[in-house]
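Below you'll find the structure, written out as structure tokens, and then a few comments.
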Amino acid sequence: MPNIVPFKTFSSIAVPIDIPNCDTDQIIPGRFLRKPNNDPNYHLYLFHDLRFNSDGSEKEFSFNLKQFKNGKIFVSDINWGCGSSRENAVIALKANGIKSVIAPSFGDIHYNNCIKNGLLPIQLSESECSLLRRQLHQNSDSEVTIDLGTQSVTGPDSTIYNFKINSFDKLRLIRGLDDISLTMEYEEKIQEFMIDYRKKHGWAL
Amino acid sequence: MGKTLFEKIWNEHIIYEHDDGEVLLYIDRHLIHDLHYRSFASLKSQGIPIKEPGKLFGVPDHSVPTTVKNLKDIPKGEMREAIEGLQRSAKDFGYVHFPITDKRHGIVHVVGPEQGITLPGITLVCGDSHTSTHGALGCLSFGIGATEVEHVLATQTLWQRRPQMMRITITGQLALGVSAKDLILTIIKEISAAGGAGYAIEYAGSAIDKMSVEGRMTLCNMTIEAGSRSGIIAPDDTTISYCKDLPYAPKGPLWDEAESFWRTLRSDKDAYFDKELTIDGSAVIPMVTWGNSPQWALPISGSIPHPSLENDPMLRAEMEASLDYMDLKPGTSLSAIPIDTVFIGACTNSRIEDMRAAAEVIKGKKAKVRTLVVPGSGLVKVQAEMEGLDKIFTDAGMEWREPGCSMCIALNGDMLKPGQRAASTSNRNFQGRQGLGSRTHLVSPAMAAAASIAGHFIDVRNLYKEL
């Protein structure tokens, strides 16, 4: 079960990640998938092969730069988190304190994995994301504020961007709900469904 | 208004619908592989039992070595721990598990359909994005994350939102030497790696009607590479005869009940699709990818594109990054690219039809580069050996291995060295996918076999002229 912290309004340095179609293999390479979630080195697995040379020295990568190291928000490009369903990608983000990723579009499975772990995926337009990334590169201490209640992002130049999120997902994030206990409240409905389902689709049991 | 095939199955499985459209969905089949072995300890620590162990099936595949068939021959470490962990949980929780010693063992997405665990009209999930494969049999299948895996174990349900509907109609027929792999690469090139995000994709049309279940699985498998979690194809006579008498398929009167339901599973004539696309199947030619996203695919007759001709600066940057990583120069003909390794296998292309397609091309010839042939399951292996395909591969100097995911994800020791270049029948050409610094070109089994013989990419259709 993921450790979910209720989502609160916060401000942080935002980190530009200029990779379109950034697949989850880049976010965390396959060879780390068998590591336990509480591995003390988990934060190093995030973007490992893009951040580090084989001798452990740092490569040129935005998240390695001094001004971005403490960022808790990523601003990325289209199709962020496409590819593999590995939830380890979200674990690696959380291990670095990342609370939100802003992108024009997300891989569907990764989007769900973020929600289930209390990490807020925010969809803004391609031009808005690209403008934000440009501003972040240009200004050395660029803070971004995220307010889930009002569904708004405040950019480094104080521009306010509104975003959409499904009401059920919003409730999950704000309350820090975990789905298993939520679903168990529906046990009666599940039982009712099963009575009908057994009659109708006995072949599928 | 009529309903789509996807909606019909979806509606049968709705337990409860939330105000904002989120649905609690009943799950008929849950497949689990070795990378999720920790889910069981997690549930145990919370004191949560498995809701319906009879609907859970375990197959270790990602960490499985392809050179040995026994646990004791696997050195102690992460790989063995994952395989053993899954096996132990099967014993503890009492669900069906196919251990590596079992001849039915293989890649979870090959074993499911082969055993009749996958059936038309059901909902099926697995903690793996290539669960889209199973939709080839006319079921609603999709990949899920680890938290969702635990949720299904605990409740046999999932909270989901209905995706939008897309239909891709493939007219005409695929030509000789052109396969489902070439078709799906053509589709991804057309709609992009993000084109299917938020959609379930139904494939239809004359090329699909004629396609084998194996080919349909290849198509649905790589649907996730177009951004869509679910590919689906209406069950027809081909599907129904494929499922008949499989070990876990219904028998007797239950089979009759199932079949009459399956026969209703077609999109209605007036069903609404949010997006429709038609592709001329007859015009598809063998494809090769050149970049680090499956959308960067080209017909074998093509050349590496010039990023300087791309107007969109972001696309141009992505192309340049790919060319840099792949060490390729604009203007180079695809057929001039030399390769170090060929990998024939993965849940995309490791079924018997794929083995036959590769063997047909290789027969009587020699591999010029290291070539691994990894069947998708023990049953595929046995069948291939009965047909003498293994002999064709080994006579050509290729390695005939035990089943598993192998070099598709490089988690079992089968991998490329940094800088090495592979022609691969797998599904992802991402940076580092086949090992740190590896360079992957995605192709069909026939094209991979042809590349093995030549040492570089060639148009396999030219070889058929000689056959």
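Conditions tested, residue by residue: (1) farther than 25 Å from B:Thr186 by Cα; (2) in contact with a strand residue (DSSP E or B) (Cβ under 6 Å, 6 or more places away or on another chain); (3) surrounded by 20 or more Cβ atoms within 10 Å (Cβ to Cβ).
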{"position": "B:Trp400", "(1), (2), (3)": "yes, yes, yes"}
{"position": "B:Ile409", "(1), (2), (3)": "no, no, yes"}
{"position": "B:Arg428", "(1), (2), (3)": "no, no, yes"}
{"position": "B:Gln434", "(1), (2), (3)": "no, yes, yes"}
{"position": "B:Gly437", "(1), (2), (3)": "yes, no, no"}
{"position": "B:Arg461", "(1), (2), (3)": "no, no, no"}
Report the residue count in the range A:153-180 for those that are at the interface with chain B (Cβ under 7 Å from one of its Cβ atoms) and farther than 18 Å from A:Val101 by Cβ.
4
Which of the residues spanning the range A:1-25 are of a type in the set (S, T, N, Q) and open to solvent by less than 20 Å² (accessible area, probe 1.4 Å)?
A:Ser12, A:Asn21, A:Thr24
Please determine whether any residue of the range A:125-136 is under 24 Å from A:Asn79 (Cβ atoms), open to solvent by 10 Å² or more (accessible area, probe 1.4 Å), within 11 Å of chain B (Cβ to nearest Cβ) and in contact with a Gly (Cβ under 8 Å, 6 or more places away or on another chain).
no
Positions within the range B:15-28 being within 28 Å of B:Thr169 (Cβ to Cβ) and either aromatic (Phe, Trp, Tyr) or open to solvent by 10 Å² or more (accessible area, probe 1.4 Å) (or both), in sequence order
B:Gly21
Anything in the range A:73-116 that is more than 7 Å from every other protein chain (Cβ to nearest Cβ) and farther than 16 Å from A:Cys22 by Cβ? List them, or say none.
A:Ile91, A:Lys94, A:Ala95, A:Gly97, A:Lys99, A:Ile115
Flag if B:Pro99 is out of contact with any strand residue (DSSP E or B) (no Cβ under 8 Å at 6 or more places or on another chain), within 25 Å of B:Lys51 (Cα to Cα) and more than 14 Å from every other protein chain (Cβ to nearest Cβ)
yes
Check B:Lys251 against each of (1) more than 23 Å from B:Leu5 (Cα to Cα); (2) surrounded by fewer than 17 Cβ atoms within 10 Å (Cβ to Cβ); (3) outside the structural domain of B:Asp128 (by TED's automatic domain parsing) and name the one condition it does not meet.
(3)
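Looking for whichever is under 17 Å from B:Pro375 (Cα atoms), of a type in the set (Gly, Ala, Ser) and assigned by TED's automatic domain parsing to the domain that holds B:Lys51 here; the options are B:Gly77, B:Gly106, B:Gly94, B:Gly85. Which one fits?
Criteria check complete, one pass: B:Gly106.
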Subset of the range A:32-80, residues in contact with a Pro (Cβ under 8 Å, 6 or more places away or on another chain), part of a loop (DSSP other than H, G, I, E, B) and either at positive phi or of a type in the set (Asp, Glu) (or both), comes to A:Asp77, A:Asn79
Test for B:Pro235: is it more than 14 Å from chain A (Cβ to nearest Cβ), in a loop (DSSP other than H, G, I, E, B), of a type outside the set (A, V, I, L, M) and out of contact with any Lys or Arg (no Cβ under 7 Å at 6 or more places or on another chain):
no
Is it true that some residue in the range A:181-197 is at pLDDT below 95, in a loop (DSSP other than H, G, I, E, B) and more than 10 Å from chain B (Cβ to nearest Cβ)?
yes
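Take B:Gly291 and decide whether it is within 14 Å of another protein chain (Cβ to nearest Cβ) and assigned to a strand (DSSP E or B).
Numbers: within 14 Å of another protein chain (Cβ to nearest Cβ): yes; assigned to a strand (DSSP E or B): no.
Answer is no for this residue.
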With the first residue restricted to the range A:166-195 and required to be free of Cβ contacts under 8 Å to residues at least 12 places away in the same chain, and the second required to be surrounded by 14 or more Cβ atoms within 10 Å (Cβ to Cβ) and assigned to a helix (DSSP H, G or I), Cβ contacts under 6 Å at 6 or more apart or on different chains are A:Thr183/B:Thr155
Restricting attention to the range A:166-177, which residues are crowded, with 17+ Cβ neighbours inside 10 Å and out of contact with any helix residue (DSSP H, G or I) (no Cβ under 8 Å at 6 or more places or on another chain)?
A:Phe168, A:Lys170
Give the number of residues within the range B:265-298 that are touching a strand residue (DSSP E or B) at 6+ places or on another chain (Cβ under 6 Å), open to solvent by 10 Å² or more (accessible area, probe 1.4 Å) and within 18 Å of B:Tyr464 (Cβ to Cβ).
1
Index of the failed condition, B:Thr67 passing every other in (1) more than 9 Å from every other protein chain (Cβ to nearest Cβ); (2) open to solvent by 40 Å² or more (accessible area, probe 1.4 Å); (3) in contact (Cβ under 8 Å) with a residue 24 or more places away in the chain; (4) in a helix (DSSP H, G or I)
(4)
Count, please, the residues in the range B:386-415 that happen to be of a type outside the set (A, V, I, L, M) and more than 23 Å from the chain's Cα centre (by Cα).
6
Residues of the range B:307-334 being exposed (fewer than 15 other Cβ atoms within 10 Å of the Cβ) and farther than 24 Å from A:Gln26 by Cα, which ones?
B:Ser308, B:Leu309, B:Asn311, B:Pro330, B:Gly331, B:Thr332, B:Ser333
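The values are calculated or read from the model by the stated rules, or taken from the named source; none is laboratory data. Note that this is a predicted model, so its numbers are computed, not measured. In this analysis, Cβ positions are derived from the backbone assuming ideal geometry, glycine residues included, and neighbour counts consider all displayed protein chains. With ligands, DNA and RNA removed, areas are computed over all heavy atoms of the protein, side chains included. Shrake-Rupley method; radii C 1.70, N 1.55, O 1.52, S 1.80 Å.
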